[in-house]
Each structure stands twice: as structure tokens, then as C-alpha cells.
Amino acid sequence: MLISTSGLILIAGGGVTGLTTAICLLKNGYRDVLVLAKLLPGDLTTEYTSPWAGAAMVTAAEPNDIRLQEMDMHSIKEFERLANTEADAHVMHCPGVQYVQAPNGGMSPDEDVYWARKLYSNFKVIPKEKLVSKTDYGYTFDSCKTLLLIFSSLLCY
Ligand SMILES: Cc1cc2nc3c(=O)[nH]c(=O)nc-3n(C[C@H](O)[C@H](O)[C@H](O)COP(=O)(O)OP(=O)(O)OC[C@H]3O[C@@H](n4cnc5c(N)ncnc54)[C@H](O)[C@@H]3O)c2cc1C
């Protein structure tokens, strides 16, 4: 669907969702973009999630959730492209670690709990003796995170 770049676009919410949408619109030629929000960068309350986020690309897909895994694979490719080629996107590489408590107290033999090896680079399984107590498996990997400077980049437009 084509939307005219000349009309007013109103975005509800000044968190990472609203501000990323606003940045994308501004970068694509839309000039009349208004963000309407109760809370904005600089505010710190528990009603406003974005300032507290680690802002890392970490999958929450279950081993059998192929659809979400594919979405996450597209997302991480885009994060890596931004980290490698677009300095003003404020995305950087970062190391990650994930410890998982398997549902129902155990790992199912027919599920590949390490499916995320397809997603991340430098993926390494954490040996059982090095796991945090009460977790069933874990791994380390390289991922990407956004910097909260994304907020200040919006203010430059
Ligand atoms: C400690 C922590 C760590 C996290 N780490 C990660 C991570 O590593 N990776 C990751 O992907 N996610 C992470 N998350 C989750 C992520 O932070 C949220 O999914 C994301 O910030 C949500 O952004 P948002 O823009 O949708 O909402 P918010 O940042 O909550 O913004 C909501 C906006 O809507 C406005 N608003 C709401 N209702 C109204 C209203 N009625 N009138 C006017 N304005 C209104 C608010 O004022 C605000 O501007 C983390 C979350 C927490 C708490």
C-alpha cells in the first residue's frame, strides 16, 4: 500500500517501537511525522519500558517454533548489516550468554535445544559443570545490541 509522504503521520508512543517507526518514516522521505506520547526519552518510570531494556538481539523462540526462528534469523541478519555498515543506526556487536531452565524439568530428546547455533555466530555450548544452578543448558554467542542513543538520533531530524 502506498501512503502519501505529504500527509501528517501520527505515531502513538515514544518508546523504541514508536521512535524506530518515526526514524524509518523520516529516512524514507516522510517529513510530517508527529510522535504523541505521555513518556519520552529522559523519563524514567516503570510504565516506560525502553529506557530499561538491554536492547540486545536475543531469541525467545522455542526449539519447535520454526516461524519465530525464521523471523529471528531475518532480524539478526539486519542487525548485523546495521552494525557493520551503518554507523548512525547505533547498533553494535556484543557477546551474549543464555541459560535455560527446560520446561517440565528436562530436555526433550526430539527437540534441538541448541537450534540457535544457526542464528548466532561464535556459538558455544556451556559444559554442564559450568551451568548456573537450576538451569538445564546454556550457550554463549555473539549478537548485536542497539544503543539507547537511538533516541538522540531521532532528535537530529
Ligand atoms: C530490564 C529489561 C531488559 C530488556 N531487555 C531486552 C533486550 O535485551 N532485548 C529486547 O528485544 N527487549 C528487551 N526488553 C523488552 C523491551 O524493552 C520492550 O519490548 C520494548 O522496550 C517495548 O518498547 P515499546 O516502544 O513498545 O514500549 P515502551 O518503551 O513502554 O513505550 C511505550 C510508549 O507509549 C506511551 N504510552 C502508552 N500508553 C499511553 C497513553 N495512554 N497515552 C499516551 N502515551 C502512552 C508511553 O508514554 C511510551 O512513550 C527488556 C525489558 C526490560 C524491562
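Computed from the coordinates by the stated procedures, all read-outs in this text should not be read as laboratory data. Quick caveat, the model's predicted, so the values are computed rather than measured. Heads up, the Cβs are rebuilt from the backbone with ideal geometry, glycines too, and the neighbour counts pull from every protein chain shown.
See the values below:
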quantity	calculated
Sequence-separation-based contact order of segment 54-157, relative, with Cα cut under 8 Å and 6+ spacing, percent	38
Calculated from backbone phi, Karplus (6.51, -1.76, 1.60) coupling profile of segment 24-34 in Hz, x at Gly/Pro	4, 5, 4, 5, 9, x, 7, 10, 9, 10, 10
Leading residue at positive end of dipole, segment 1-133 (Cβ point charges), from Met71, Leu8, Asn84	Asn84
Stokes-Einstein D in µm²/s, Kirkwood radius over Cα pairs - segment 97-137 at 10 °C with 1.306 mPa s viscosity	141
Anisotropy class of segment 1-74 from Cα gyration tensor, a/c 1.5 cut	oblate
Amide H contacts under 5 Å for Ser143, placed H, 5+ residues apart	Cys94, Gly96
Segment 23-56-segment 126-143 distance, computed between alpha-carbon centres (Å)	34
Angle between the chain longest axis and helix 66-85 axis [Cα atoms, degrees, rounded to 10]	60
Coordinate range along principal axes, alpha carbons of segment 54-157, Å, largest first	51, 28, 22
Percent RCO, i.e. relative contact order, over segment 1-53, from Cα pairs under 8 Å lying at least 6 residues apart	40
Cα-centred dipole magnitude for the chain, charges only on beta-carbon of K, R (+1) and D, E (-1), debye, nearest 20	260
